[in-house]
Amino acid sequence: MIKNFIKTAWRNLLKNRTFSILNIVGLAIGLCCFLLITMYVLDELSYDKYNEKADRIYRVNSDIKFGGTNLALAVCSDPMGATLKKDYPQVEQYTRFYNSNGSKLVKKGNEWINENNVVHADSTVFDVFTLPAIAGDTKTALNEPNTVVITESTAKKYFGTTDAVGKTIETSGPTKVLYKITAVIKDIPKNSHFNFDFLFSMDNVEYQFGNYLSHNFQTYVVLKKGTDYKAFDKNFAEVIERYVMPQAKQFMKIGSIDEFRKAGNKLEYHLMPVTDIHLHSARFPELAVNGNAQYVYIFSAVAIFILLIACINFMNLSTARSASRAKEVGIRKVLGTEKRFLIGQFLTESTLLAFISLVLAIALCWLVLPLFNQLAAKQLLVKDFLTSKIIIAILLIPLVVGALAGSYPAFYLSAFQPIAVLKGKINAGFRRSSIRSGLVVFQFFISILLIIGTIIVYRQLDYIQTKNLGFNKEQVMVVNGTNALGTNVDAFKNEVAAMSGVKSAAFSGYLPVDNSSRNDNTYSSQAVMDSKNGFNMQTWTIDYDYVNTLGMEIVKGRNFSREFGSDSSAVIINESTQKVLGYTDPIGKKIYTNDNLNSQQMVSYTIIGVVKNFHFASLRQNIGPLCFRLGHTSWSMAFKVATTDIRALVSKIESKWKLMASGFPFSYQFLDDSFDDMYRQEQRVGKIAISFAILAIVIACLGLFGLATYMAEQRTKEIGVRKVLGASVQNITAMLSKEFLTLVLIAAVIAFPLAWWGINYWLQDFAYRVDVSWWVFVVAAIIAFVIALLTVSFQAIRAAVANPVDSLRDE
């Protein structure tokens, strides 16, 4: 019987090729989109779960508010981990990561390679994270200074083999250090919130240890089984009282933490599960670019919606087409076919179509996956997701869709009496199905939501690109790792500045982009700091030429000048700092700070200028207090260039580099590219959104095209009669199009309020954002309306121009 069902289903599929192709292609595209987004979402949700203790590993986060400035940090003080392990038995182990500038120069043969995935780590790192060794003993690998653990791919890169234990590598920084390789570990999984190639001993960190007020270490703890980490957070109040406050009182006039908080300030610590970091953390400094849970939710919804649109198409076309088989059903019932066999036939046909769509969808997924990986900045592989659970879920999709699509016509048609079917009494019901109309409304409701979302994402990205940032990011070339020049660093700067096409040059260890250096200090408007006059402020060390090179504007006072020797104890503040200080004219006023947290002595700086506020972080954040101090940060340089032949200028600068820093890599980027990197995730989201919005519309239009074709066929005689009575092509086209366009209009009205809420929710992440204008909704509705009109009118015009004699010919 099943064999007969399949044979009959295949014949019907071939007989109705147009509807079969529309059904299969529409559902296949929908399933392909669903599979791609599902792979993306599952990958995002899998981060850090490779660790055997993943459910017990937590990072210590810090939240500090002082003088109105908020700091959400992914780091804490260096003794915090050891203190927690010593004082609280719930803590099984701890480990820390530290990296001052995010890179090291490593020597390979006669050349130096700039390695970015480097970190200093405690020897306990292997007790916390699952980093299996290929060679060496990780239990003792980082117990001593001048030791390093490298990954498998790094060992092959430098030595051509994983047999590297006992060999040495040389690094260059402020000083050259020879490190002994004590272990080789497997490459860290890509779905990790950190991906290091080198783990250097923490004993080599040049840092003042033991201070609870300086926050520079990513610190992780492993809690013992059964410990509630949220309940454990309450212990931090005791840690602050016992360890942090005594040190704070050494250079601040403060009575207690309660007094500190009553002044509107905050100092808090809390644990974050390691599996939450990738999607739920946007703190500073993260060890890698994190994802965003919001986008996972959005893409999950998009995947479900696109699959629903495809399934609705499938069901709409299946039920609509089955009406034309009413006479077939009537004849088969007259000939004695039982109801259960009719039901089985319809269900078999729809399920067969669904399985063919699934096969095509998997093939499409495999073909477009490289393009999707490029779009989403992923390295997804189909085989990584072919687990038994996922395979079962995928196979269930066509069974469920086929059952849903086939059940309505199967049970509806098979329930009618043969006489009613043969008289054609059910055609009108199929033609004017409220269920089908509701499903079309739902399809375009989703399509309009996606159109509005895509427009807003691109408007926000355009706003970011064109907003006045307070500095000039165009035509600024940044050369990295210039500390490798050693004593030639000033000569290199001067000689490049003298080149044709270079307008100015500056040392630029600090840049107004993410992942640049950051230095937060505590300042006071008075010589004695207390909880009311103190505030946090970023402190950037710059040279005399920095402000001009970056195109910033001094709105009060002056820039640093070589003519004033006293500028070594001067400071330039931004407008936000002036507002915090409350000065109408801050020029000549002093601010105070403690440059050495182990000393109680405050140092004063005289304000000589105010720079116009500029965005030194993402536009997601408000512009906070910042000051410039005169100094020599030589690890990068910025050059303002003005030439049409950028390639030739870069070549000249590189040649000069090779003469003055022989063997060291020449690395550069342009500031506008670094700025764009801050919004790379939004750009990817925008591209993915528009891709899936187009696909959703295409799928909806395939269904609309099929329904329009069916409706035109069903009303052939009516069209013929109207034409004989004098109706024009325009009248008939309008008549056939009106019903569908009304449904699109209803979909738009329903979509508008939900879209307004959704885009406002997304824009909340940006302190600086576009307005949600009314025209966006109108444009989205017009786009959907025009697309639907073009889709439907094609079939409507085709039916309207047909010869009425053919339409009215007796069957």
Just give me a number: lysine pairs in the range 89-161, eight or more positions apart or cross-chain, with C-alpha atoms less than 19 Å apart. 6
So what does residue 761 come to for accessible area, using a 1.4 Å probe and Å² rounded to 10? 110
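By how many nm would the segment from residue 687 to residue 728 grow when fully extended, if each residue of separation counts as 0.36 nm and the alpha-carbon distance is taken off? Please report the intermediate quantities before stating the final value.
Details: separation 41, 0.36 × 41 = 14.76 nm, distance 4.36 nm.
That works out to 10.4 nm of additional length.
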Suppose accessible area is computed on protein heavy atoms with a 1.4 Å probe; arrange 540, 366 from highest to lowest. 366, 540
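Ranked by accessible surface with a 1.4 Å probe, highest first, in what order do 684, 647 come?
Numbers: 684 65, 647 200 Å².
From most exposed to least exposed: 647, 684.
Between rounded, prolate and oblate, where does the range 16-95 land on the alpha carbon gyration tensor, with a ≥ b ≥ c its root eigenvalues, rounded for a/c under 1.5, else prolate if a/b exceeds b/c?
On the way: a/c = 7.59, a/b = 2.63, b/c = 2.88.
Here the range 16-95 falls in the oblate category.
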Shape call for the range 486-596 from the C-alpha gyration tensor, a ≥ b ≥ c root eigenvalues: rounded (a/c under 1.5), prolate (a/b greater than b/c) or oblate? prolate
Excluding same-chain residues fewer than 8 positions from residue 234, which lysines have a Cα within less than 27 Å of its Cα? 49, 53, 65, 85, 86, 224, 225, 249, 253, 262, 266, 532
Anisotropy class of the range 154-225 from Cα gyration tensor, a/c 1.5 cut: oblate
Suppose the Debye formula is applied to equal point scatterers at every Cα of the range 64-113; what is log10 I(q)/I(0) at q = 0.16 Å⁻¹? -0.73
Among the aspartates and glutamates, which fall within straight-line cross-link reach of residue 738, defined as a Cα-Cα distance under 19 Å, with same-chain neighbours fewer than 8 residues apart omitted? 713, 718
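The values are calculated or read from the model by the stated rules, or taken from the named source; none is laboratory data. Just so it is clear, the structure is predicted and the values come from calculations on it, not from any experiment. For accessibility, only protein heavy atoms count, side chains too; no ligands or nucleic acids. Shrake-Rupley method; radii C 1.70, N 1.55, O 1.52, S 1.80 Å.
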